[in-house]
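Novice: The structure under discussion is supplied below as structure tokens; questions concerning it will follow.
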Amino acid sequence: MNRLIRQSLRIIAAMLLVLNTGCWSSQEIEDLSIVVGLGLDVANESKFERDIAKQGGAYPKRNVLTATVQIVPPISGRGQRQGQGQGQSQGGSSGGKAYLNEKLTGDSIFQIFRQFSVRRDRPLVGHHLKVIVVASDLAKQYSLEQIFDFILRDNDIRPSCLVVVSHRDAIEALSSSEPGEIPAFYLTGLVNNRYRSNKILPPVTLIKLDSTMQSGTSFLLQNVVTYNGEHKFSGAAIFKGSSKKWIGELTQFDVEGLSWIRGDIHGGVLKAYAPGGYTVTYEMRDSSSKIIPKVKDGEISFHIKMKSEGRLIEDWSFPEIPSTEGYLKEMEKVFEKQASKQIDQVLHKMQHVYHVDVGGFDKELQIKHPKLWKKIKDQWDDTFSRIPITYEIDIKITDAGSSTD
């Protein structure tokens, strides 16, 4: 009897394995439009939309924004992307692209996404969305909470998606003149170069953006500049904590100064000019920073201690000056002076130009003086603008490279 039961269980288990070899609701990838990039711009209806509207193809909406979806066409059975040869994909000599950019205009991102269903035979899928690019012009007019409301609610979009701001139209940042390049992948790949440059901000993902906006503090997003289909990270867009709107930008020089204050340097270079006018360059190997809040008689002040170790990696002195201990000490002062210029400039912009704290001073005050923080947190940006800030920076050159006297 037991043997019969065991045999029956084996048969049932085998049948269950056969039935569970796939998901009942699965769709073949060839039947889907895989969205890897999303651009959000001020409303600008395309000629297609205007002509369709004249034919009665419009629906009730206001023109608030234009959403561009970047789609990676599926690979056909012949090893080519579907649409290749018709100018829709890059590869070969067809002059096409490895991606498709399609845009629609409206006042609801969700409705715009669904409108693609009456335009494309393959439904949009956002599971693989890599980057969202917001045009600064749109972010000046509307709060990011408004713009991202649907995106943050939608479970189909991964919270690890990168968010950046385009100095010009977002669709330009999602276009490329480089054969075979997919701009959404290119932009996310640039973030990985932080170990080479302190001009790149720590990546802001959807989940980080959501928590930052809920905190009410002002924040930065990486800025993208574009020319003729080529792109680079350059500076940062500033968002006011109270309005969640774009209020200005920091330059690359400012971002370098901010990296000293935050102490989040993973790598980079510091170029300066020695007393003789020649170029010298310092490569950062290890850096740290400590923001110290001080409260005396109800008055707040901050002091920043910054340290860095690295090497003298380039020296244009001629005839070449030997890298003696005394010479390296002299160069340390030169680099400290240059770093101080960066720090002074970004502190001035934070306190006296934009009146925002994007350096992490609020977090340190909240940790060390929580009761005081509760009293002033709602007016923090204005309070921060009047707080005295001092600092000290210590740069140590540990070596001068392999070619030294």
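The values are calculated or read from the model by the stated rules, or taken from the named source; none is laboratory data. It should be emphasised that the depicted structure is a prediction, and the values quoted were computed from it without experimental measurement. Using ideal geometry, Cβ is built from the backbone for each residue, glycine included, and neighbour counts are taken over all protein chains shown. Ligands, DNA and RNA are stripped out before the accessible areas are found, and what is left, the full protein with its side chains, is counted by its heavy atoms. Shrake-Rupley method; radii C 1.70, N 1.55, O 1.52, S 1.80 Å.
Novice: Quick check on my filter: what residues within the range 206-217 are within 17 Å of K130 (Cα to Cα) and surrounded by 14 or more Cβ atoms within 10 Å (Cβ to Cβ)?
Specialist: Within the range 206-217, the subset within 17 Å of K130 (Cα to Cα) is 206-210.
Hits for the range 206-217 are L206, K208, L209, D210.
Novice: Open to solvent by less than 30 Å² (accessible area, probe 1.4 Å), over 24 Å from L270 (Cα atoms) and either part of a helix (DSSP H, G or I) or without any contact (Cβ under 8 Å) to a residue 40 or more places away in the chain (or both): which single residue out of L365, L347, L372 fits that description? Let's see the steps before the verdict.
Specialist: Working: L347 fails: over 24 Å from L270 (Cα atoms); L372 fails: open to solvent by less than 30 Å² (accessible area, probe 1.4 Å).
Only one candidate passes the filter, namely L365.
Novice: Which one of these is in a strand (DSSP E or B), open to solvent by less than 20 Å² (accessible area, probe 1.4 Å), of a type in the set (V, I, T) and within 28 Å of P388 (Cα to Cα): I247, I304?
Specialist: Working: I247 fails: open to solvent by less than 20 Å² (accessible area, probe 1.4 Å).
Being in a strand (DSSP E or B), open to solvent by less than 20 Å² (accessible area, probe 1.4 Å), of a type in the set (V, I, T) and within 28 Å of P388 (Cα to Cα) holds for just one of I247, I304, which is I304.
For (1) open to solvent by 40 Å² or more (accessible area, probe 1.4 Å); (2) modelled with pLDDT of 95 or more; (3) closer than 24 Å to Q214 by Cα, each residue gets a yes or a no:
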site	(1), (2), (3)
L312	no, yes, no
E320	yes, no, no
K329	yes, yes, no
Q342	no, yes, no
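Novice: Check the range 289-296 and report whether any residue there is in contact with a Lys or Arg (Cβ under 8 Å, 6 or more places away or on another chain), among the hydroxyl-bearing types (S, T, Y), touching a residue at least 24 places away in the same chain (Cβ under 8 Å) and closer than 30 Å to M213 by Cα.
Specialist: Yes, the conditions are met somewhere in the range 289-296.
Novice: Among the residues of the range 267-283, write down those that are under 17 Å from T398 (Cα atoms), open to solvent by 10 Å² or more (accessible area, probe 1.4 Å) and touching a residue at least 60 places away in the same chain (Cβ under 8 Å).
Specialist: Within the range 267-283, V269, K271 qualify.
Novice: Now, a different point. If you take the residues of the range 375-405 that are more than 24 Å from V255 (Cβ to Cβ), β-branched (V, I, T) and surrounded by fewer than 15 Cβ atoms within 10 Å (Cβ to Cβ), which of them is modelled with the highest pLDDT?
Specialist: It comes out as T398.
Novice: Quick one: A67 ticks every box in (1) surrounded by 13 or more Cβ atoms within 10 Å (Cβ to Cβ); (2) at pLDDT below 95 except a single one, so which number is it?
Specialist: Here A67 clears every test but (2).
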